[in-house]
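Asker: Before I ask anything, here is the structure I am working with.
The values are calculated or read from the model by the stated rules, or taken from the named source; none is laboratory data. Nothing here was measured: the structure is a model prediction, and the numbers come from that model. Glycine also receives a Cβ, built like all others from the backbone with ideal geometry; neighbour counts cover every protein chain displayed.
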Amino acid sequence: MEISQNTTVKGGEFIIKEYSPVDIFTPEDFSEEQIMMKESVQEFIDREVWPNKERFEKKDYELTKTCMQKAGELGFLAVGVPEEYGGMGMGFVSSMLVCDYISGATGSFSTAFGAHTGIGTLPILLYGSEEQKQKYVPKLASGEWFGSYCLTEPGAGSDANSGKTKAVLSEDKTHYLISGQKMWISNAGFADLLIVFARIEDDKSITGFIVPNDPSNGITMGDEENKLGIHASSTRQVFFNETKVPVDHMLASRGQGFKIAMNALNVGRIKLGAACLDAQRRVIDNAVRYANDRIQFKTPIAKFGAIKEKIARMASSCYVSESANYRAAYDIETKIKNLLAEGHDQQTAELRGVEAFAIECSIIKVATSEDIQNCSDEGIQIFGGMGFSADTPMESAWRDARIGRIYEGTNEINRMLSVGMLLKKSIKGELDLMNAVMKVVGEITEGKATTLENPVSELAEELIKLKDLKKVFLMIAGSAFQKYGTEFDKHQQTLLGLSDMLIEIYFAESALLRTIKNIDRGLDMTYQTDMSKLYLFEATEIVLKRAKEIIGNISDGDAKKTLLKGVHRLCRYDDLPDIISLKNRIADKVIAENKYCF
């Protein structure tokens, strides 16, 4: 089955629109070239990184740099870079794929790779002048140079635009003198090039600069940070003391730094999601092998229901995360291609393509970073006491996973951003959210049954349930906005609850559509069907819980009763699936294969 040429997909529109399975891209749609790339990356990681996990845990920063250089020699740093700047010129899906499979062995190398190819390179590629791109990007793409991104300061974390680092124009107006302190800077210990954000005079917004890392130019480094995880990821403070930066090293124009930072982070967010995928697969593989080998009460612990419960959840979460990540990646790639076809240059197309799906980027970052944390936590539990030992891979996997919920914007910030961006799109007229809310209210008031616009033969009941969950979101979001109006963004707990609903709906839909698409093309999706049903059931419980929390805060009296009645009806299962049997079938398949096998 081919992917439809649907070029009208909009970011955030999934909450008000019903999609067909042919509208989405799945991992089963990888081209032969992409499969070869995946296998090449896997072979590199298995040869160069996985056998050296102990060295990474002992803070071997030089090993991280060496592996990065080897990755550069193999072209992995250049996948998404246009050919005219020394790259391979491959699409966004291919970039995501490499980020996925290169990140499974250790968070240290994953962080170095992501920081360099993402926020270390993209600001120049997306905002640099032609001269800047020709001068710097080929060196970054080849691994001759490595990049680092200097945004965070002691007093400027989530509020990135509040940074105090100053850039003062020299008297002869030929250069800026940058002074200030940056912290938590990935790759700082071996970076050749720094993307630095500073404020000029009393500008409202910061400005970006390209700064070669020259210690003789007023740049000093703090000691390597002692961190919970990602031990061999170089993380230092960087101090600037009247560092001279030529005026032509400014990125874009004055005051554009915050915009540069935010758009670079959009890309970083979805690629962080991809970077959590193979980590999940490897945790599952190790946990299942241990469970098959570990004998207790004369039985492999994999035979016990309590262990099957964990394996089923871990595998289902990974399958669903894959589905959401590659669905969004393809939508972004399609948007970029459409913009290029309309005559936009590569820079504009890349920027607008990712920005169009900023909502999806945020929710994918949140959900997948939490999925790997939960997966590694269950991995430790399966290993039992051995899981707590640094001699097994689970302990480092859990520690490395923890940073994912913090960087690229904390999960709390991204949750609120996702709902905030959705409302902004509605206000701008980009999404007809208000009419969708009114339509849902009318249908619920009339007691109208939910039906599918695009009927399918498989998982139809599940798609109807999914459509009901969208109605719940719209009903609650509409009621909350009616109550709070322009003060809506100040009610963070409401935003967090709505965001959780948004996440569960997007992820459940991605898995269902992937499964149906592959059934229709003739693939055996027995266990994927089970995983999709299991995830939808649990998503429904989360949506119900979050909806009730919000209803209790935004309404009272008859209004509360009406909302509760509507939510309970929409979240009710008329034919409840046998959830325990679903879990057992999924777990038995993984246990039999002795690995994640989907």
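Asker: Assuming SER418 fulfils every condition listed in (1) within 25 Å of LEU496 (Cβ to Cβ); (2) touching a Gly at 6+ places or on another chain (Cβ under 7 Å) apart from one, which condition is it?
Answerer: Answer for SER418: the failing condition is (2).
Asker: Here's another thing I want to ask about it. Within segment 374-387, can you find the residues that are more than 17 Å from ASP100 (Cβ to Cβ) and either surrounded by 20 or more Cβ atoms within 10 Å (Cβ to Cβ) or among the aliphatic types (A, V, I, L, M) (or both)?
Answerer: The first filter runs over segment 374-387 and keeps only residues more than 17 Å from ASP100 (Cβ to Cβ), leaving 374, 377-387.
Within segment 374-387, GLU378, GLY379, ILE380, ILE382, PHE383, MET386, GLY387 qualify.
Asker: Does segment 205-218 contain any residue that is over 29 Å from the mean Cα position of the chain (by Cα), assigned to a strand (DSSP E or B), among the hydroxyl-bearing types (Ser, Thr, Tyr) and modelled with pLDDT of 95 or more?
Answerer: No.
Asker: May I pose another question? Checking ALA547 against (1) crowded, with 22+ Cβ neighbours inside 10 Å; (2) farther than 29 Å from ARG415 by Cα: exactly one of these is not met. Which one?
Answerer: ALA547 satisfies every listed condition except (2).
Asker: Filtering segment 110-146 down to residues that are in a loop (DSSP other than H, G, I, E, B) and not hydrophobic (A, V, I, L, M, F, W, C), which residue is surrounded by the fewest Cβ atoms within 10 Å (Cβ to Cβ)? Write out each step before concluding.
Answerer: Of all residues in segment 110-146, those in a loop (DSSP other than H, G, I, E, B) come to 118-121, 128-129, 143-146.
Checking the rest, the ones that are also not hydrophobic (A, V, I, L, M, F, W, C) come to 118, 120-121, 128-129, 143-144.
On the way: GLY118: 26, GLY120: 27, THR121: 29, GLY128: 25, SER129: 15, GLY143: 20, GLU144: 13.
So the residue we want is GLU144.
Asker: Sticking with this one: Select from segment 438-467 the residues that are more than 24 Å from PHE537 (Cα to Cα) and of a type outside the set (Gly, Ala, Ser) and write down the one among them that is surrounded by the fewest Cβ atoms within 10 Å (Cβ to Cβ). Walk me through how you get there before you give the answer.
Answerer: Narrowing segment 438-467 to residues more than 24 Å from PHE537 (Cα to Cα): 438-439, 442, 445-446.
Among the residues that remain, those that are also of a type outside the set (Gly, Ala, Ser) are: 438-439, 445-446.
Values: MET438: 13, LYS439: 14, THR445: 10, GLU446: 8.
Filtering segment 438-467 for residues that are more than 24 Å from PHE537 (Cα to Cα) and of a type outside the set (Gly, Ala, Ser), the one surrounded by the fewest Cβ atoms within 10 Å (Cβ to Cβ) comes out as GLU446.
Asker: While we're here: Answer yes or no: is there a residue in segment 239-252 that is farther than 30 Å from ASN213 by Cβ and touching a strand residue (DSSP E or B) at 6+ places or on another chain (Cβ under 7 Å). Give the steps one after another, and end with the answer.
Answerer: We begin by selecting, within segment 239-252, every residue farther than 30 Å from ASN213 by Cβ; these are none.
So far as segment 239-252 goes, no, none of its residues is farther than 30 Å from ASN213 by Cβ and touching a strand residue (DSSP E or B) at 6+ places or on another chain (Cβ under 7 Å).
Asker: So if I check each of LEU512, LEU563, LEU582, LEU495, which one is buried (at least 17 other Cβ atoms within 10 Å of the Cβ) and over 29 Å from ILE24 (Cα atoms)? Give the derivation first.
Answerer: Numbers: LEU512 fails: over 29 Å from ILE24 (Cα atoms); LEU582 fails: over 29 Å from ILE24 (Cα atoms); LEU495 fails: over 29 Å from ILE24 (Cα atoms).
Of LEU512, LEU563, LEU582, LEU495, the one residue that is buried (at least 17 other Cβ atoms within 10 Å of the Cβ) and over 29 Å from ILE24 (Cα atoms) is LEU563.
Asker: Name the pairs: first residue in segment 542-563 and under 25 Å from TYR506 (Cβ atoms), second residue in a loop (DSSP other than H, G, I, E, B), Cβ to Cβ under 8 Å, at least 6 apart or on different chains?
Answerer: Final answer for the pair search is LEU563/SER555.
Asker: Could you go through segment 46-63 and let me know if any residue there is surrounded by fewer than 19 Cβ atoms within 10 Å (Cβ to Cβ), more than 30 Å from MET394 (Cα to Cα), charged (D, E, K, R) and out of contact with any Pro (no Cβ under 8 Å at 6 or more places or on another chain).
Answerer: Scanning segment 46-63 turns up no residue that is surrounded by fewer than 19 Cβ atoms within 10 Å (Cβ to Cβ), more than 30 Å from MET394 (Cα to Cα), charged (D, E, K, R) and out of contact with any Pro (no Cβ under 8 Å at 6 or more places or on another chain).
Asker: Which residues, counting only those in segment 223-243, are touching a residue at least 24 places away in the same chain (Cβ under 8 Å) and more than 26 Å from the chain's Cα centre (by Cα)?
Answerer: GLU224, VAL238, PHE239, PHE240, ASN241, GLU242, THR243, listed by residue number.
Asker: Pick from LEU422, LEU340, LEU417: which is part of a helix (DSSP H, G or I) and surrounded by fewer than 21 Cβ atoms within 10 Å (Cβ to Cβ)?
Answerer: Values: LEU422 fails: surrounded by fewer than 21 Cβ atoms within 10 Å (Cβ to Cβ); LEU417 fails: surrounded by fewer than 21 Cβ atoms within 10 Å (Cβ to Cβ).
None of the other options fit; the residue is LEU340.
Asker: Identify, from the list LYS424, LYS448, LYS490, LYS465, the residue that is closer than 22 Å to SER510 by Cα and of a type in the set (Lys, Arg).
Answerer: Working: LYS424 fails: closer than 22 Å to SER510 by Cα; LYS448 fails: closer than 22 Å to SER510 by Cα; LYS490 fails: closer than 22 Å to SER510 by Cα.
Of the residues listed, the single one that is closer than 22 Å to SER510 by Cα and of a type in the set (Lys, Arg) is LYS465.
Asker: Read through the list (1) over 29 Å from PHE481 (Cβ atoms); (2) surrounded by fewer than 20 Cβ atoms within 10 Å (Cβ to Cβ); (3) assigned by TED's automatic domain parsing to the domain that holds THR445; (4) in contact with a helix residue (DSSP H, G or I) (Cβ under 9 Å, 6 or more places away or on another chain), then give the number of the only condition that GLY522 fails.
Answerer: All conditions pass for GLY522, except number (4).
Asker: Right, next: Restricting attention to segment 361-385, which residues are touching a Phe, Trp or Tyr at 6+ places or on another chain (Cβ under 7 Å) and either more than 30 Å from ASP293 (Cβ to Cβ) or aromatic (Phe, Trp, Tyr) (or both)?
Answerer: Taking segment 361-385 first, the residues touching a Phe, Trp or Tyr at 6+ places or on another chain (Cβ under 7 Å) are 363, 367, 376-377, 380, 382-383.
ILE363, ALA367, PHE383 - these are the residues of segment 361-385 that are touching a Phe, Trp or Tyr at 6+ places or on another chain (Cβ under 7 Å) and either more than 30 Å from ASP293 (Cβ to Cβ) or aromatic (Phe, Trp, Tyr) (or both).
Rundown of residues vs (1) touching a residue at least 24 places away in the same chain (Cβ under 8 Å); (2) over 25 Å from PRO577 (Cβ atoms); (3) in contact with a His (Cβ under 7 Å, 6 or more places away or on another chain), yes/no style:
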{"position": "GLY404", "(1), (2), (3)": "yes, yes, no"}
{"position": "GLY409", "(1), (2), (3)": "yes, yes, no"}
{"position": "MET416", "(1), (2), (3)": "yes, yes, no"}
{"position": "MET421", "(1), (2), (3)": "yes, yes, no"}
{"position": "GLU430", "(1), (2), (3)": "yes, yes, no"}
{"position": "GLU446", "(1), (2), (3)": "no, yes, no"}
{"position": "ASN454", "(1), (2), (3)": "yes, no, no"}
{"position": "LEU459", "(1), (2), (3)": "yes, no, no"}
{"position": "ALA477", "(1), (2), (3)": "yes, yes, no"}
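Asker: Please tell me if GLY552 is more than 21 Å from ASP468 (Cα to Cα), surrounded by fewer than 18 Cβ atoms within 10 Å (Cβ to Cβ), assigned by TED's automatic domain parsing to the domain that holds LEU466 and out of contact with any Gly (no Cβ under 6 Å at 6 or more places or on another chain).
Answerer: Details: more than 21 Å from ASP468 (Cα to Cα): no; surrounded by fewer than 18 Cβ atoms within 10 Å (Cβ to Cβ): yes; assigned by TED's automatic domain parsing to the domain that holds LEU466: yes; out of contact with any Gly (no Cβ under 6 Å at 6 or more places or on another chain): yes.
Taking the combined requirement at face value, the residue does not satisfy it.
Asker: Identify, from the list ASP524, ASP468, the residue that is among the charged types (D, E, K, R) and outside any helix (DSSP H, G or I).
Answerer: On the way: ASP468 fails: outside any helix (DSSP H, G or I).
Answer to the selection: ASP524.
Asker: Exactly one condition in (1) aliphatic (A, V, I, L, M); (2) loosely packed, with under 12 Cβ neighbours inside 10 Å; (3) part of a helix (DSSP H, G or I) is not met by LEU576; state its number.
Answerer: The number of the failed condition is (3).
Asker: Which residues, taken from segment 61-83, are without any contact (Cβ under 8 Å) to a residue 24 or more places away in the chain and either outside any loop (DSSP other than H, G, I, E, B) or under 19 Å from the mean Cα position of the chain (by Cα) (or both)? Steps first, please.
Answerer: Applying the first criterion (without any contact (Cβ under 8 Å) to a residue 24 or more places away in the chain) to segment 61-83 yields 62, 66, 75, 83.
Hits for segment 61-83 are GLU62, THR66, GLU83.
Asker: State which residue is nearest to LYS204 (Cα to Cα) when the search covers only segment 171-191 and only residues that are touching a residue at least 60 places away in the same chain (Cβ under 8 Å) and polar (S, T, N, Q).
Answerer: Filtering first and then ranking leaves SER179.
Asker: Related question: Being under 13 Å from ALA328 (Cβ atoms) and either in contact with a Phe, Trp or Tyr (Cβ under 8 Å, 6 or more places away or on another chain) or among the aromatic types (Phe, Trp, Tyr) (or both) is the filter here; which residues of segment 13-26 pass it? Give the steps one after another, and end with the answer.
Answerer: Let us first name the residues in segment 13-26 that are under 13 Å from ALA328 (Cβ atoms), namely 13-14, 19, 23-26.
Selection gives PHE14, TYR19, ILE24, PHE25, THR26.
Residue by residue, here is whether (1) closer than 22 Å to ARG514 by Cα; (2) out of contact with any helix residue (DSSP H, G or I) (no Cβ under 6 Å at 6 or more places or on another chain); (3) part of a loop (DSSP other than H, G, I, E, B); (4) among the acidic types (Asp, Glu) holds:
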| residue | (1), (2), (3), (4) |
| --- | --- |
| ARG313 | yes, yes, no, no |
| CYS318 | yes, no, no, no |
| SER323 | yes, no, no, no |
| ALA328 | yes, no, no, no |
| LYS365 | yes, no, no, no |
| THR368 | yes, no, no, no |
| ASP371 | yes, no, no, yes |
| SER376 | no, no, no, no |
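Asker: If the requirement is being farther than 14 Å from ALA71 by Cα and in contact with a Pro (Cβ under 7 Å, 6 or more places away or on another chain), which of these qualifies: GLY104, GLY89?
Answerer: Details: GLY104 fails: in contact with a Pro (Cβ under 7 Å, 6 or more places away or on another chain).
Going through GLY104, GLY89 in turn, just one is farther than 14 Å from ALA71 by Cα and in contact with a Pro (Cβ under 7 Å, 6 or more places away or on another chain): GLY89.
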